[in-house]
Amino acid sequence: MYAVVDIETTGGYASGNNITEIAIFRFDGKEVIDSYHTLINPEQRIPSFITSLTGITTEMVEDAPTFSEVAQDILDFTEGCIFVAHNVNFDFTFLKQSFKTLDLSFERKKICTVRLSRKIFPKLPSYSLGNLCGSLNIEITDRHRAKGDAEATVKLLKLLLENDNEQFIDKSLHRNSRETLLPAHLPREQFDALPEEPGVYYFHNHKNKIIYVGKAINIKKRVVSHFSGKQNSQQSQRFMNEIYSVSFERCGSELVALLLESNEIKKHWPAYNRSQKRVVKNYCIYQYTDQQGYARLSVGLIQKFQQTILSFRTAIEARDFLMEAVHEHELCSRLCGLHKSSVLCKDALVSAPCKVCEQGEDSSRYNKKVSRAVLSFAEQQATLAIKQKGRTEEEFGIVLMESGKYLGYGFVPQDVQVSTFEEFKTYIHLYPDNQDVRSIIESYTYKADEASMMYF
Ligand SMILES: [Zn+2]
């Protein structure tokens, strides 16, 4: 027995909104056996844009029963039935949420007439209930009212059952309950094809635009976790509805997946990544020229579009590094901002009197020392290859840093002998260098096994 359900609500997402109307048809596959219909007092105002869609006004539901008064009826009426709705997750999530506020659980087997229509009647221009009924010549009265829409869904289900030559309905009920967890527009074959390996995955919208990029140690498992979470916020329901396809890139290791993910987010700036982009604060040593013409080195937060000379995780690291450089290259610690607005250098590390503060060294001489120091910084930056697992047993992955700058990653066949950095370079794809990827590599090298790193 099927229970074909449609609800009307005060808004598009279950948290903060309530049900205003429900219609249920018990259908044995051939005929409607029984039906249930009631308006429900949502105990909140119905926004006018909802009223203009459904025709249900706040006044109409004022004297209707509340959900708690009809909850038992709904439980009884759907008991032992397969719960059917057009975009079943919407109706089911609302009901489940409403039962939950009464401390009642609501579990039913579900099928979704959107998903089944895509399989049984492929290549139709649209799968919204109205358009589908148009394409399939199903009469629909009282559109956007629970009874009218549920009645049309019964007729649609009947057509689906009659044309289900490949037993899609049976399969979706018996294979597992995951089917209805998938976003309504996502083809199951694409989900099935996801590998259980490290990599990056992409969700696309109906125009094939990337709307989310993520990285995972196990791509399939991670994608499932997007769909099995609570989908009752406005944002997550909209997100699920916008997903039309999923694609992926195998990476072999978590490090490469992190690097690719970072690059892809910067490149595509997907809508659903923007809201959760973490803020990474990093410090750097940067250079500028002051009004007297002196080259100044300074420690500060990394700014966008600013040319940084060296970057650090913390301000203390950056200052310590700069202090040593001041000592080694006979720079002026005042001009390097290492002590506050004092007139003369008093840094403990500077043993000799400061040539700028005490002897009035001119800017052209001083600036040459700064340039020499900056050049020496670059030499201290590591050139290394980090070895990682490949995408197959026949290869291994490599991540390359040259003079502290990220070059990119690639894969090298196991049977090839590579010994020089230049040789490694021929196997990689070049990617833009930035602070995010440097931080990813830095924290990897900090805790990684030394054996995976080759310095040149
Ligand atoms: Zn000085």
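The values are calculated or read from the model by the stated rules, or taken from the named source; none is laboratory data. Note that the coordinates shown come from a computational prediction; the quantities given were computed from them, not determined experimentally. Cβ atoms come from the backbone with ideal geometry, glycine included; neighbour counts cover every protein chain shown.
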Legend entry - Long-range neighbours under 9 Å by Cβ, at least six apart or interchain, first residue on the phi > 0 side of the Ramachandran plot and assigned by TED's automatic domain parsing to the domain that holds Asn17 within the range 46-57, second in a helix (DSSP H, G or I) and β-branched (Val, Ile, Thr): none
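Report whether or not Asp91 is part of a helix (DSSP H, G or I) and touching a residue at least 60 places away in the same chain (Cβ under 8 Å).
Details: part of a helix (DSSP H, G or I): yes; touching a residue at least 60 places away in the same chain (Cβ under 8 Å): yes.
Taking the combined requirement at face value, the residue satisfies it.
Give the number of residues within the range 59-95 that are of a type outside the set (A, V, I, L, M) and either under 16 Å from Val4 (Cα atoms) or touching a His at 6+ places or on another chain (Cβ under 9 Å) (or both).
The first filter runs over the range 59-95 and keeps only residues of a type outside the set (A, V, I, L, M), leaving 59, 62-63, 65-69, 72-73, 76-81, 83, 86-87, 89-94.
The next check asks that each one be either under 16 Å from Val4 (Cα atoms) or touching a His at 6+ places or on another chain (Cβ under 9 Å) (or both); those that pass are 73, 76-81, 83, 86-87, 89-94.
Of the residues in that region, 16 qualify.
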Inset, instruction - Please find, within the range 331-356, the residue that is farthest from Ile316 (Cα to Cα) out of those that are more than 10 Å from the ligand (Cβ to nearest atom) and either outside the structural domain of Asp320 (by TED's automatic domain parsing) or at pLDDT below 80 (or both). - result: Ala352
Inset, instruction - Looking at (1) surrounded by 14 or more Cβ atoms within 10 Å (Cβ to Cβ); (2) not in a loop (DSSP other than H, G, I, E, B), find the lone condition where Phe49 falls short. - result: (1)
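Is the range 124-133 home to any residue that is part of a loop (DSSP other than H, G, I, E, B), surrounded by 14 or more Cβ atoms within 10 Å (Cβ to Cβ), at pLDDT 90 or above and touching a helix residue (DSSP H, G or I) at 6+ places or on another chain (Cβ under 8 Å)? Talk me through it step by step, then tell me what you get.
If we filter the range 124-133 for residues that are part of a loop (DSSP other than H, G, I, E, B), which is where we start, we get 124-128.
Within this subset, residues satisfying the condition of being surrounded by 14 or more Cβ atoms within 10 Å (Cβ to Cβ) are 127.
With at pLDDT 90 or above added as a condition, the list becomes 127.
Add one more test, that the residue is touching a helix residue (DSSP H, G or I) at 6+ places or on another chain (Cβ under 8 Å), and what stays is 127.
Within the range 124-133, one or more residues are part of a loop (DSSP other than H, G, I, E, B), surrounded by 14 or more Cβ atoms within 10 Å (Cβ to Cβ), at pLDDT 90 or above and touching a helix residue (DSSP H, G or I) at 6+ places or on another chain (Cβ under 8 Å).
For the subset of the range 285-330 comprising residues that are hydrophobic (A, V, I, L, M, F, W, C) and within 16 Å of the ligand (Cβ to nearest atom), which member is nearest to Ile441 (Cα to Cα)?
Filtering the range 285-330 for residues hydrophobic (A, V, I, L, M, F, W, C) gives 285, 295, 297, 299, 301-302, 305, 309-310, 312, 315-316, 318, 321-323, 325-326.
Cutting the leftovers down to within 16 Å of the ligand (Cβ to nearest atom) gives us 295, 297, 322-323, 325-326.
Details: Ala295: 31, Leu297: 25, Leu322: 22, Met323: 25, Ala325: 24, Val326: 28 Å.
Within the range 285-330, the match that is nearest to Ile441 (Cα to Cα) is Leu322.
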Inset, instruction - Give the residue, chosen from Gln388, Gln435, Gln414, Gln381, that is exposed (fewer than 12 other Cβ atoms within 10 Å of the Cβ) and either in the same structural domain as Leu322 (by TED's automatic domain parsing) or of a type in the set (S, T, N, Q) (or both). - result: Gln414
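Looking at Leu39, Leu75, which is the one that is in contact with an Asp or Glu (Cβ under 6 Å, 6 or more places away or on another chain) and more than 30 Å from His206 (Cα to Cα)?
Values: Leu75 fails: in contact with an Asp or Glu (Cβ under 6 Å, 6 or more places away or on another chain).
Selected residue: Leu39, the only one of Leu39, Leu75 that is in contact with an Asp or Glu (Cβ under 6 Å, 6 or more places away or on another chain) and more than 30 Å from His206 (Cα to Cα).
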Legend entry - Conditions (1) surrounded by fewer than 19 Cβ atoms within 10 Å (Cβ to Cβ); (2) outside any loop (DSSP other than H, G, I, E, B); (3) hydroxyl-bearing (Ser, Thr, Tyr); number of the one not met by Ser117: (1)
Inset, instruction - Would you please name the residue that is farthest from the ligand (Cβ to nearest atom), looking only at residues in the range 357-383 that are modelled with pLDDT of 85 or more and touching a helix residue (DSSP H, G or I) at 6+ places or on another chain (Cβ under 8 Å)? - result: Thr383
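Quick one: count up the residues across the range 120-176 that are acidic (Asp, Glu) and more than 27 Å from Asp34 (Cβ to Cβ). So that I can check it myself, show each step before the final result.
Taking the range 120-176 and keeping what is acidic (Asp, Glu), we get 139, 142, 149, 151, 162, 164, 166, 170.
Now restrict to residues that are more than 27 Å from Asp34 (Cβ to Cβ): 166.
Here the count works out to 1.
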